[in-house]
Amino acid sequence: MSDPLPPGLLADPAVIAARLGRIERHRARMAATPSLSDAQPQGSGAPNRHGMPKLPPGQTATRKWPVLDMGIHPTVTPGEWRLQIDGACLQPIVLDLPQLNALPQVVDTSDFHCVTTWSKMDLTFVGVRVSTLLALVEPMATAAALMCHGYDGYTTNVTLDEALKDDVLVTWEVDGRPLSREHGGPVRMITPQLWAWKGAKWLSRIEILTADTPGFWEQRGYSMTAYPWRDDRYG
Ligand SMILES: Nc1nc2c(c(=O)[nH]1)N[C@H]1C(S)=C(S)[C@@H](COP(=O)(O)O)O[C@H]1N2
Ligand SMILES: [Mo]
């Protein structure tokens, strides 16, 4: 791809090139099996763990939880970590980890579906719902989407409808352990109803937008909506 990386982005170009190669292969598979494509991805509904076959089409469950990112893992200590929440809201804030931990917490078991065809099932996360964080900052009536930023310069967009789902968390603990650095510790976001790239690791900022705007992978051909159960991967 010829478009330059955004400034400040720590990325391995070989990792990005390899990931982009999947788009053409996916298009070819969709063309060969039109029943897998769906022009109307789901926009709402019950969480996918309930009343659905567990694995989305084309996915394989893994035993281990793979690590996938742009190749550089920023070091952010729990003491240094901050989350800025700003944009189209009335009360922008910056939270440190004790302040985040003091908010109402939830424990939720959900699945983690990666667009590269692996799914890690049944991870139990402790965190704060994104809906709780958004309530704190009072989004304006014009708010439509979030741009989630990582300390590595990564960005990904999530519509407000999706971000408000109960299992969308800002999390620091998984399966009884602090979230490891390679999985985005000290704090990351998860989006169990969407492909996992929508969950920014090393979360640094949640920017409230008035229009859904593509993030890093979305600018490079990944789906804006990213619904695993519709095989909605690219384009
Ligand atoms: N900050 C940041 N977050 C990121 C990424 C990244 O490169 N940087 N990669 C995304 C992608 S493509 C996936 S599939 C998941 C992988 O999370 P894991 O490494 O914990 O499995 O993180 C997402 N969040
Ligand atoms: Mo991914």
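Assorted remarks:
- Distance between the pseudo-spin-label points of Lys64 and Ala135 (7 Å out from Cα toward the beta carbon): 4.0 nm.
- Electrostatic dipole magnitude of region 130-235 [Cβ: Lys, Arg +1; Asp, Glu -1; Cα centre; debye, to 20]: 280 debye
- A simple rule links phi to the HN-Hα coupling: the Karplus curve 6.51 cos²θ - 1.76 cosθ + 1.60 with θ = phi - 60°, which for region 172-178 gives 10, 9, 9, 6, x, 10, x Hz, with x for Gly and Pro.
- Computed over Cα pairs, the Kirkwood radius of the chain leads via Stokes-Einstein (1.306 mPa s, 10 °C) to a diffusion coefficient of 88 µm² per second.
- Charge dipole of the chain (Cα centre as origin; +1 on each Lys and Arg Cβ, -1 on each Asp and Glu Cβ, all else neutral): 700 debye, rounded to the nearest 20.
- Efficiency of FRET from Cβ geometry, Ala102 and Leu55, R₀ 45 Å, rounded to 0.05: 0.75
- Amide hydrogen proximity for Thr159: with H placed 1.01 Å from N in the peptide plane, the residues at 5 or more positions away or on another chain lying under 5 Å are Leu146.
- Rounded to the nearest 20, the size of the Cβ-charge dipole of region 179-235 about its Cα centre is 200 debye, with Lys and Arg at +1 and Asp and Glu at -1.
- When the charge dipole of region 101-229 is built from unit charges on Cβ atoms (+1 for Lys and Arg, -1 for Asp and Glu) and taken about the Cα centre, the candidate among Ala200, Ala144, Val107 whose Cα reaches farthest toward its positive end is Ala200.
- Amide H within-cut-off set for Tyr234, under 5 Å, with H built and near neighbours excluded: Ser223
- Whole-number percent relative contact order across the chain, with pairs defined as alpha carbons under 8 Å at least 6 apart: 25 percent
- Applying a DSSP loop filter and a limit of 15 other Cβ atoms within 10 Å to the trypsin sites (Lys or Arg not before Pro) in region 52-90 leaves Lys54, Arg63, Lys64.
- Two-site FRET efficiency, Leu90 against Gln219, from Cβ-Cβ distance with R₀ of 45 Å, rounded to 0.05: 0.95
- In the chain, the DSSP-assigned H stretches of four residues or longer account for a calculated mean residue ellipticity at 222 nm of -4500 deg cm²/dmol, using -39500 (n - 2.57) per stretch and the full residue count as denominator.
Only the coordinates and a few stated rules stand behind these numbers; no lab work does. In this text, all values refer to a predicted model and were calculated from it rather than measured experimentally. When we count neighbours, we look across all protein chains shown, and the Cβ atoms used for this are built from the backbone with ideal geometry, even at glycine.
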